[in-house]
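Inspection log for the structure reproduced underneath, given as structure tokens.
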Amino acid sequence: MHLVDPRTLDFDARQRARAHATRGTIALRDGDLDRAEHDLRRALALDPTAGHAHARAAVLYARDDIDAATSLEARAVEQDPTNARCRWDLAVSLHRLGRREEALVHARRADELEPRDPTCRARQVRLLGGS
């Protein structure tokens, strides 16, 4: 009987997830949403990280499935609460859903996380009217 080292499986799964995420991100950039969805779904299943959730949310957002994108963006923020980009994308989706107060909380937190990023404040002003 041949036993497989579970650490190898974890490493292999992470490597496969990384390959799927890379290919999915390229497909998203190229506008192939079906391919992007397939690969980014697979990446998230293999390695459920904030980065993979955030990437898959981008595909859902591009498909105008804002509810599903928001759910994944919230998951990414929960997993990586100091990631300003994830917080900002969650704020944008919440705003599109009409959840302005929640959006404002995340936009302000993103601004706090990257206080030297003038584009974050400018985006906040544009999206939320300077709140």
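The values are calculated or read from the model by the stated rules, or taken from the named source; none is laboratory data. Note that the structure is a prediction, hence the values are computed from the model and not measured. Note that each Cβ is placed from the backbone with ideal geometry, even for glycine, and that neighbours are counted across all protein chains shown. Side chains included, ligands, DNA and RNA excluded: accessible areas come from the protein's heavy atoms. Shrake-Rupley method; radii C 1.70, N 1.55, O 1.52, S 1.80 Å.
Summary of values
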read-out	value
Residues of the stretch 20-70 classified as open to solvent by 40 Å² or more (accessible area, probe 1.4 Å), assigned to a helix (DSSP H, G or I) and among the charged types (D, E, K, R), total	7
Among the candidates ARG75, ARG14, residue that is basic (Lys, Arg), open to solvent by 70 Å² or more (accessible area, probe 1.4 Å) and modelled with pLDDT under 95	ARG14
Residue check, ALA36 farther than 26 Å from PRO118 by Cα and modelled with pLDDT of 95 or more	yes
Inter-residue pairs, beta-carbon under 8 Å, first under 13 Å from HIS52 (Cα atoms) and in the stretch 71-92, second of a type in the set (Asp, Glu) and open to solvent by less than 30 Å² (accessible area, probe 1.4 Å), 6+ apart	CYS86/GLU73
Top-ranked residue of the stretch 86-116 - restricted to ones that are exposed (fewer than 15 other Cβ atoms within 10 Å of the Cβ) and at pLDDT below 90, ranked as nearest to the chain's Cα centre (by Cα)	GLU112
Where a residue in the stretch 96-115 is closer than 17 Å to ALA69 by Cβ and its partner, wherever it lies, is open to solvent by 90 Å² or more (accessible area, probe 1.4 Å), with Cβ under 8 Å and at least six apart	LEU97/ASP67; ALA110/ARG85
